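What follows is a single structure, written as C-alpha cells, with notes after it.
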Amino acid sequence: MELYLVRHGPSESRDPVQWSDDEDRPLTRAGATETRKAARGFASLALDVRRVVSSPAVRARATAERFVEALKLTRPLEVWDELRPDSPTEPVLARASAEGRRIDGTVLVGHEPVLSELVGLALTGDALSLVHFGRAGAAALSFDRTVAPSAGRLDWLLTRSQLSALAP
C-alpha cells in the first residue's frame, strides 16, 4: 500500500491581526503558483493516486485542491481533522489504518511537524521527526500489509523544487 504525504505550499506569515485563527492563513500568491507547479511535477510521476485528503486549514486545502487538479481526480477533496496543525501524529496513522485498503493511493496534505513525525511513527514506531518537509514537498510511504507504526518504508522524499523540475 502506498501513502503520499505533502506539506502545504508557501503561505502568508503568521499575523494574529489579519488571521485571528491561524488555520485561516492562505497561500501567498507566489506560493499558490509554486504549489501548482509542484503538483504538476507530482502528477508527472504517474502514481496510482485515488484520492486527496487535507487538513482543514485554508493553506492545506488550497494545496490539496492544486493536487486534485493536477492529478485530474474526479473524487472530491476530503478533510480530516486529524491533520490539523500541531495535532498528535498517532490519530493520523490510526485513521489511515482504519481505512484499510481504501487508504492505498491516498495523498495526505498537512503540516510540519505532523508529517515528519508521521514518517517517524511509520518507520520506527515513535513519532520522531526523522525528515523535514519543505513547503509543498512530498514523500512516499509504503506498507506491505497494513498501515501501522513501524510497518512503513520511506520510498522517496522530494522538495518543492525537485517536484517543480518534473513538471511538464
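Since every read-out is calculated from the coordinates, none of them should be taken as a lab result. Please read all numbers here as calculations on a predicted model, not as lab measurements. Cβ: placed from backbone, ideal geometry, glycine included. Neighbour counts: every protein chain shown.
Given an 8 Å cut-off on Cα distances and at least 6 residues of separation, report the relative contact order of region 1-99 as a percent. Don't skip to the end; give the middle numbers.
Numbers: 122 pairs, mean separation 25.4, N = 99.
RCO, region 1-99: 26 percent.
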Original post:
Label T33 and T159 with points 7 Å out from Cα along Cα→Cβ: what is the distance between them in nm?
Top reply: 2.0
**OP:** Mind telling me which of R66, R25, R145 comes out most flexible in a GNM of the chain, alpha-carbon contacts under 10 Å?
**Re:** R145
Original post:
Taking the alpha-carbon set of region 67-142, what are its Rg and Dmax in Å?
Top reply: 12.4, 35
Subject >> Under-5 Å amide H pairs with S54, H placed in peptide plane, nonlocal only >> reply: E78, V79, W80, V109
Subject >> Given charges at Cβ of Lys, Arg, Asp, Glu: the chain dipole, positive-most of L71, V52, L108 >> reply: L71
**OP:** Mind sorting V58, V114, V17 by how few other Cβ atoms lie within 10 Å of their own Cβ, fewest first?
**Re:** V17, V58, V114
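I'm checking a number: the convex hull volume of the Cα atoms of region 1-62, normalised per residue, in Å³. What is it?
Values: hull volume 4.7 nm³, N = 62.
Per-residue hull volume (Cα only) is 76 Å³.
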Original post:
How big is the equivalent ellipsoid of region 97-137 along its three axes, where each semi-axis is √(5λ) from the Cα gyration tensor, reported in whole Å from largest to smallest?
Top reply: 19, 14, 7
Subject >> Inverse of mean 1/r across different Cα pairs in the chain, Kirkwood, Å >> reply: 15.5
